[in-house]
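The values are calculated or read from the model by the stated rules, or taken from the named source; none is laboratory data. Bear in mind the structure is a predicted one, so any value in this text is a computation, not a measurement. Note: ideal-geometry Cβ built from the backbone for every residue, glycine included; neighbour counts use all protein chains shown. Accessible surface areas use protein heavy atoms only, side chains included; no ligands, DNA or RNA. Shrake-Rupley method; radii C 1.70, N 1.55, O 1.52, S 1.80 Å.
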Amino acid sequence: MSWPSLVDIVDVTPRDGLQDEPSELSTAEKIALIKGLRQAGIRRVEATSFVSPKWIPQLRDAEQVLAGLSEPDNLIALIPNRRGFERALMTTVAEVGFVVSASPKHQHDNLNMTLSESLHQFRTIAELPNTRGLRLRGAISCAFGSPFTNERIDPAEVATIARSLVQYGACEVSLADTVGIGTPNFVTDVIKAVQDAIPDTPLAIHLHDRFGIGLGNVTAALLCGVNTFESALGGLGGCPYAPDAPGNLNTETLVGWLHHMGITTGIDLIALSEVRRTLLNQLAVNAHTKKGDTA
Ligand code: COA
Ligand code: ZN
């Protein structure tokens, strides 16, 4: 077997990990979390999202979080529409991940528009004056399975979506197993279809984990040559608009497993554990004392 010797982790704890938590972190705690992740050696962090605060109240302080961070070169923010892009432009964030879904029902429930409306928004965004040189990436939710009965995800359709995102300006495409139901065989089929469609564009894989299948899917993706994975501390995370979504693949589990397999990540697992301990403790304390206080 041959696979990459170096893997990049995009830690999505501050965005995906917090977006569906009943307990909230204060803005200062979010900033400290991101600093801790970077100090532990995480090179890319999905720091927040510029979505409607009515849809995801937990991330309503996106601008304030970014304002508290220097050297924003490795920070990503998720956006769902042009308004999100315009908000991102007003901050220092270096990269935005434009989200669409391969599941028509999730696309509707999560974004309140059709896939073609979303892709049109992305095209419009890519044509706007990008005065700060914001990097654009595309994120395809439910790429490896749908949470809804009667919906089947077709690898060819995922590949078509990826091709459109790249044609319009995405420099990287992230394929998400939003509900943790991909299997290694299907993950391989989807990745191969997407690689055929966009052979020159780097891929990232965003995994949620059910029954430990996440690591099986990492193996499948590594064997396809993918070397960027997205995960969250403590296995937190989930989309409030995807029923029964399990947490993200746990970053510590992923990093520990990669190291054990002889793959380099540049991440200090002991420092990462400390960040996770602080985070889980803060969430537990805030659940009782200051829920909703973002000061
Ligand atoms: N940031 C902040 N506010 C936004 C926004 C954004 N990116 N996009 C729209 N809004 C505001 C509008 O200004 C408007 O505000 P108002 O009621 O005060 O006038 C309101 O939201 C409704 O705007 P509309 O365009 O009709 O949005 P919508 O209600 O149809 O929702 C989305 C569409 C895309 C904004 C919403 O579905 C969303 O934020 N989805 C993201 C969900 C998510 O993050 N899921 C997890 C990650 S995959
Ligand atoms: Zn996710």
Handout entry: Residues of the stretch 6-41 classified as open to solvent by 20 Å² or more (accessible area, probe 1.4 Å), in contact with a strand residue (DSSP E or B) (Cβ under 8 Å, 6 or more places away or on another chain) and assigned to a loop (DSSP other than H, G, I, E, B), total
Key = 0
Practice task
Could you tell me whether LEU207 is in contact with a Gly (Cβ under 7 Å, 6 or more places away or on another chain) and in a strand (DSSP E or B)?
Solution key: yes
Exercise for the section: Would you check which residues across the stretch 254-268 are crowded, with 16+ Cβ neighbours inside 10 Å and either without any contact (Cβ under 8 Å) to a residue 40 or more places away in the chain or away from ligand 2 (no atom under 16 Å from the Cβ) (or both) and list them? Expected result: VAL255, GLY256, TRP257, LEU258, ILE263, THR265, ILE267
Handout entry: Tabulated pairs, the stretch 194-205, first on the phi < 0 side of the Ramachandran plot and in contact (Cβ under 8 Å) with a residue 24 or more places away in the chain, second of a type in the set (Val, Ile, Thr) and assigned to a loop (DSSP other than H, G, I, E, B), C-beta under 7 angstrom, 6+ apart or interchain
Key = LEU203/VAL226; ILE205/VAL226
Practice task
Quick one: count up the residues across the stretch 79-119 that are within 16 Å of ligand 2 (Cβ to nearest atom), closer than 16 Å to SER164 by Cβ and hydroxyl-bearing (Ser, Thr, Tyr).
Solution key: 1
Practice task
From ALA126, ALA88, ALA77, grab the single residue that is aliphatic (A, V, I, L, M), over 28 Å from VAL218 (Cβ atoms) and within 14 Å of ligand 1 (Cβ to nearest atom).
Solution key: ALA88
Practice task
May I ask you to say which residue of GLN167, GLN121, GLN195 is within 30 Å of PRO72 (Cα to Cα), in contact with a Lys or Arg (Cβ under 6 Å, 6 or more places away or on another chain), open to solvent by 40 Å² or more (accessible area, probe 1.4 Å) and of a type in the set (S, T, N, Q)?
Solution key: GLN121
Problem - Qualifying positions in the stretch 42-82 - open to solvent by 20 Å² or more (accessible area, probe 1.4 Å) and part of a loop (DSSP other than H, G, I, E, B) - result: ARG43, VAL51, SER52, PRO53, LYS54, TRP55, ARG60, GLY68, SER70, GLU71, ASN81
Exercise for the section: Using the structure shown, decide if ILE191 is within 20 Å of ILE161 (Cα to Cα) and either touching a helix residue (DSSP H, G or I) at 6+ places or on another chain (Cβ under 9 Å) or not charged (D, E, K, R) (or both). Expected result: yes
Fill in the blank from the handout: Over the stretch 87-103, the set of residues assigned to a helix (DSSP H, G or I) and out of contact with any Leu (no Cβ under 7 Å at 6 or more places or on another chain) is ARG87
Problem - Selection count, the stretch 218-246, where residues are within 13 Å of ligand 2 (Cβ to nearest atom) and either without any contact (Cβ under 8 Å) to a residue 40 or more places away in the chain or part of a helix (DSSP H, G or I) (or both) - result: 1
Fill in the blank from the handout: Checked LEU134, LEU128 against criteria (at pLDDT 95 or above and surrounded by fewer than 21 Cβ atoms within 10 Å (Cβ to Cβ)); the one match is LEU134
Problem - Filter result for ASP209 (away from ligand 1 (no atom under 16 Å from the Cβ), open to solvent by 30 Å² or more (accessible area, probe 1.4 Å), over 24 Å from GLY36 (Cβ atoms) and at pLDDT 95 or above) - result: no
Completion exercise
Reported set for the stretch 249-283 where residues are within 18 Å of GLU230 (Cα to Cα), assigned to a helix (DSSP H, G or I) and charged (D, E, K, R) is GLU252, ARG276
